[in-house]
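Following: one structure in structure tokens, then a few remarks.
The values are calculated or read from the model by the stated rules, or taken from the named source; none is laboratory data. Everything numeric here is computed off the predicted structure, so don't read it as measured data. Cβ atoms come from the backbone with ideal geometry, glycine included; neighbour counts cover every protein chain shown. The area values use the complete protein model at the heavy-atom level, side chains included, leaving out ligands, DNA and RNA. Shrake-Rupley method; radii C 1.70, N 1.55, O 1.52, S 1.80 Å.
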Amino acid sequence: MGSIDHIEQLETYIKDLGDEIKNVKKASDYLKLIEQFQDEVRRTSTTLTQSEAKLQLIQGIVESKLALFQATANNIDSKQQSIEQSQSNIIAGLAELKQFLEKSEKGMISSFIEINKLMNETQSSVISELKTVKDENEAQIKMLTKTNKIFFRVNLTFVIIVVGMLIFLLGR
């Protein structure tokens, strides 16, 4: 058999081998952990890649919506400018209409004054003409009344003469 030194050396080797086995086992555990970590990193990387794709899609949507919003804002601005221009045109038209109405009002007032004057003058002349016609009619009525009275008297005289002649002739 061997010597104690060999045995001790062998024990040392065994112990070293046991330590090495423990170290290899720890290294194996570390490798497993590293592999698990790498799997986790791969899964995280895949998730991050998917998230990046989603974020790019969302960014595209947001950019499209922003472009649409900007186009809408531009349309609103142009419509607002158009409305403001229309308002300006309407205000200018109303100002012109107001001036025209004021001129027309002054013209109508002066026309009414002229018509009123003419009517007053015409009324005076018509009233004087009516008075003249009335006076002439009254004069004609008086003359006709006198003529009728004369005719009545003449007719009455003729009737009396005729009746008297009839009585005379009958009495004979």
Item to check | Distance between modelled label sites at Thr47 and Thr72, nm, 7 Å Cα→Cβ extension | outcome: 3.5 nm
Checklist entry - Considering only Ile161, Leu144, Leu130, whose Cα is most displaced toward the positive end of the charge dipole of segment 130-172, charges sitting on Cβ of Lys, Arg (+1) and Asp, Glu (-1)? => result Ile161
Item to check | Cα gyration tensor shape of segment 58-172, rounded if a/c is under 1.5, else prolate or oblate by comparing a/b with b/c | outcome: oblate
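If the only charges are +1 at each Lys and Arg Cβ and -1 at each Asp and Glu Cβ, what is the size of the charge dipole of segment 25-156 around the Cα centre, to the nearest 20 debye?
580 debye
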Checklist entry - How much length, in nm to one decimal, is gained on full extension between Glu138 and Arg172, taken as 0.36 nm per residue of separation minus their Cα-Cα distance? => result 7.2 nm
Item to check | Theoretical ellipticity at 222 nm over the chain - DSSP helices of four or more residues, -39500 (n - 2.57) apiece, nearest 500 | outcome: -38000 deg cm²/dmol
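At a 1.4 Å probe radius, carbon and sulfur cover how many percent of the accessible area of the chain? Present the calculation step by step, with values, prior to reporting the outcome.
Details: 10430 of 16220 Å².
Answer for the chain is 64 percent, counting heavy atoms of protein chains only.
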Item to check | Computed FRET value (nearest 0.05) for Thr145 with Phe112, which takes r as the C-beta separation and R₀ as 35 Å | outcome: 0.15
Checklist entry - What accessible area per residue comes out for the chain, rounded to a whole number of Å², with a 1.4 Å probe? => result 94 Å²
Checklist outcome for this item: If one compares the long axis through the Cα atoms of helix 4-171 with the longest principal axis of the Cα atoms of the chain, the angle in degrees, nearest 10, works out at 0 degrees
Checklist outcome for this item: In terms of the alpha carbon gyration tensor, root eigenvalues a ≥ b ≥ c, rounded if a/c is under 1.5 and otherwise prolate when a/b exceeds b/c or oblate, segment 9-86 is prolate
Item to check | Spin-label pair Gln99/Gln38, simplified geometry with 7 Å Cα→Cβ offset, distance in nm | outcome: 9.1 nm
